[in-house]
Amino acid sequence: MTDPSLTSLVAELSKLAAEYVPSDGHDAASQAPKLALVNLSKKIMYSLMDPGMMVQAHSLQMAEMVCIRTLLDLKVFEKMSSEEEGKTITAKELSERSGVQDTLLERLLRPLVASGFITQSPDDGSYGSTRFSQAYTSFPGLFFTLMFDHFLQPMTDLPKYLQKHGAVEPTSFYVNPYSDYHNASDSGMTTWEIMSKDPEKLKTFQIGLTTGDAMVPVTGYYDFNQLALTPAELEKTPDRVSLIDIGGGVGNVVKRILDAYKDLNPENVVLQDQENIIDMASKEKIAPHGVQLMKHDFWGPQPVKGAKAYYFRRVFHDYSDELCAKALNQIIPVMAPDSHILIADMLLPEIMTDKEAHTAALDVACMVMGGKERTEEDFRRLFDSVGLEVVAIHRAPGAAAGVVEGKLKTE
Ligand SMILES: C[S@@+](CC[C@H](N)C(=O)[O-])C[C@H]1O[C@@H](n2cnc3c(N)ncnc32)[C@H](O)[C@@H]1O
């Protein structure tokens with residue numbers, strides 16, 4: 001007898017496949033039809049698997065991740081990717097090229113053949129690279145390296161961490177799974193300070209982070225033009241700040257905003273970050289001419305009074321609610337009645353959908369450092385706790401991200 005749920009899922013898949021037009025676009029809208037097919041195929045696969053098969057699949061995934069990271073470190077994929085498409089290489093030849101023992105290579109490559117990450121010739125057992133193994137040496141594979149090097153090991157220690165510290169969300173920037181993993185929970189060092197001690201690791205983090213940049217789009221859904229000074233303001237308060245990008249890095253984000261929203265005058269825009277980052281920003285000159293570069297520690301009182309908008313992008317998810325409240329409390333005393341707080345970050349749904357799978361995974365990575373990705377409701381609660389109200393949530397089309405806009409409560 002046929003399984004009615006299986007046949008109906010397969011019928012749905014055939015329908016989607018018939019309508020599917022491949023796209024080269026990397027934006028969420030272009031990827032959506034592909035993602036729908038992948039997710040439906042996964043549903044079919046899971047409907048067929050029994051729990052033992054699921055355990056085997058997870059075991060393969062664990063070995064796969066370790067083998068990929070090891071082969072990346074040994075620069076083996078580079079040696080394979082120089083092959084013409086469709087051409088394969090024996091373990092012996094690959095060993096000569098890479099300096100890695102051939103028997104070790106075979107053991108590391110086998111799980112990757114099993115998962116489809118690389119191929120193996122059924123004729124002579126030689127190995128072939130795929131678009132996956134090729135991509136992992138650069139974009140978007142560097143994000144895999146970031147996740148593996150910085151988060152996987154502390155993540156695997158999460159059960160141990162919770163046994164020691166209690167089964168509650170890690171919220172501290174000093175004592176968390178990341179600091180425990182690095183035996184630094186008594187050191188008083190923040191996650192960033194621990195990371196900075198290993199320049200190589202810091203580099204993989206920074207490079208990997210740029211590959212994840214598109215997850216929180218900067219432009220296209222919140223109209224920054226509305227922060228431009230009005231003619232009356234230009235007359236009365238021409239120096240009023242329109243926008244402060246707090247923890248704004250070296251200026252890439254303000255550049256993108258000013259390139260896209262021409263009503264904004266760079267002279268009314270401020271870029272704030274830590275001392276060494278602002279020094280870098282002055283040197284690199286990425287921020288458009290006129291933007292004021294300001295060294296500022298966001299745990300201390302905000303020096304710019306009455307700006308139209310205080311903007312944080314990809315900052316709040318690094319911190320617990322308590323610490324985010326602390327950062328907001330530095331700004332609240334200097335806000336004007338019409339000042340706004342803008343938080344651009346990932347947004348988790350109240351009820352998970354396939355679209356937010358990646359955000360949910362990143363949330364666990366944030367947890368390791370005491371941070372968290374948030375739902376709309378989480379942001380409302382956070383704002384409410386410090387006397388702010390959410391006035392709008394501008395969602396980035398097709399992405400699990402948006403800008404949460406808040407202002408002082410008006411009761
Ligand atoms: C994840 S990066 C985000 C950079 C930028 N907003 C973006 O979206 O690309 C976090 C930024 O916060 C800055 N930061 C961390 N702690 C800070 C502090 N106490 N005061 C000011 N900036 C800080 C870091 O230097 C870094 O540039």
task = For residues that are within 12 Å of the ligand (Cβ to nearest atom) and more than 16 Å from Leu328 (Cβ to Cβ), scanning just region 288-302, find the one that is surrounded by the fewest Cβ atoms within 10 Å (Cβ to Cβ).
result = Lys295
request  = Restricting attention to region 323-364, report how many residues are of a type in the set (Val, Ile, Thr) and exposed (fewer than 13 other Cβ atoms within 10 Å of the Cβ).
outcome  = 2
Residue in region 264-286 that is nearest to the ligand (Cβ to nearest atom), counting only those that are at pLDDT below 95 and assigned to a loop (DSSP other than H, G, I, E, B) = Gln274
request  = Evaluate the following for Asn252: is it more than 12 Å from the ligand (Cβ to nearest atom), under 24 Å from Leu328 (Cα atoms) and in the same structural domain as Asp345 (by TED's automatic domain parsing)?
outcome  = no
message = Please go through region 379-406 and give me each residue that is of a type outside the set (A, V, I, L, M, F, W, C), part of a strand (DSSP E or B) and either within 22 Å of Val253 (Cα to Cα) or without any contact (Cβ under 8 Å) to a residue 12 or more places away in the chain (or both), ordered by number.
response = His394, Arg395, Gly402, Glu405, Gly406
key: Exclusive hit being surrounded by 13 or more Cβ atoms within 10 Å (Cβ to Cβ), at pLDDT 95 or above and outside the structural domain of Asp149 (by TED's automatic domain parsing), set Ala28, Ala63   = Ala63
ask   = Which of (1) out of contact with any Phe, Trp or Tyr (no Cβ under 9 Å at 6 or more places or on another chain); (2) within 14 Å of the ligand (Cβ to nearest atom); (3) not hydroxyl-bearing (Ser, Thr, Tyr) is the odd one out, the single condition Gly371 does not satisfy?
value = (1)
request  = Please specify each residue of region 174-192 satisfying the condition of being of a type in the set (S, T, N, Q) and either at pLDDT 95 or above or within 17 Å of Gly371 (Cα to Cα) (or both).
outcome  = Asn176, Ser179, Ser185, Thr190, Thr191
query = Residues of region 324-346 being within 15 Å of the ligand (Cβ to nearest atom) and either of a type in the set (Ser, Thr, Tyr) or touching an Asp or Glu at 6+ places or on another chain (Cβ under 6 Å) (or both), which ones?
reply = Leu342, Met346
key: Scope region 119-148; condition closer than 18 Å to Arg69 by Cβ and part of a helix (DSSP H, G or I); matching residues   = Phe132, Ser133, Gln134, Ala135, Gly141, Leu142, Phe143, Phe144, Thr145, Leu146, Met147, Phe148
request  = May I ask you to list the residues in region 211-220 that are surrounded by fewer than 18 Cβ atoms within 10 Å (Cβ to Cβ) and farther than 19 Å from Val269 by Cβ?
outcome  = Thr211, Gly212, Asp213, Ala214
task = Check whether at least one residue in region 325-340 is outside the structural domain of Glu169 (by TED's automatic domain parsing), closer than 26 Å to Ala167 by Cα, among the charged types (D, E, K, R) and modelled with pLDDT of 95 or more, and report yes or no.
result = yes
task = Just give me the residues in region 180-203 being within 16 Å of the ligand (Cβ to nearest atom), surrounded by 17 or more Cβ atoms within 10 Å (Cβ to Cβ) and outside any loop (DSSP other than H, G, I, E, B), in sequence order.
result = Thr191, Ile194, Met195
inquiry  = Cβ-Cβ under 7 Å, sequence separation 6+ or interchain: first residue in region 162-174 and among the hydrophobic types (A, V, I, L, M, F, W, C), partner surrounded by 14 or more Cβ atoms within 10 Å (Cβ to Cβ). Which pairs?
reply    = Phe173/Thr190; Phe173/Thr191; Phe173/Tyr319; Phe173/Leu323; Phe173/Gly370
remark   = For Val250, the lone unmet condition from (1) part of a helix (DSSP H, G or I); (2) at pLDDT below 95; (3) surrounded by 15 or more Cβ atoms within 10 Å (Cβ to Cβ) is (1)
Residue check, Leu229 surrounded by 21 or more Cβ atoms within 10 Å (Cβ to Cβ), near the ligand (Cβ under 10 Å from one of its atoms) and not in a helix (DSSP H, G or I) = no
request  = Kindly list, by first and then second residue, each pair from a residue in region 304-323 that is within 14 Å of the ligand (Cβ to nearest atom) to a residue that is of a type in the set (Phe, Trp, Tyr), limited to pairs with Cβ atoms under 7 Å and residues at least 6 apart or on different chains.
outcome  = Tyr319/Phe173; Leu323/Phe173
request  = Could you tell me which residue of region 208-221 is farthest from the chain's Cα centre (by Cα), considering only residues that are among the hydroxyl-bearing types (Ser, Thr, Tyr) and within 17 Å of Asn252 (Cα to Cα)?
outcome  = Thr219
request  = Sort through Leu382, Leu323, Leu388, Leu362 and tell me the only one that's hydrophobic (A, V, I, L, M, F, W, C) and farther than 30 Å from Lys305 by Cβ.
outcome  = Leu362
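The values are calculated or read from the model by the stated rules, or taken from the named source; none is laboratory data. Given the structure is predicted, the values throughout are model-derived calculations rather than measurements. Backbone-built Cβ (ideal geometry, glycine too); neighbour counts: all protein chains shown.
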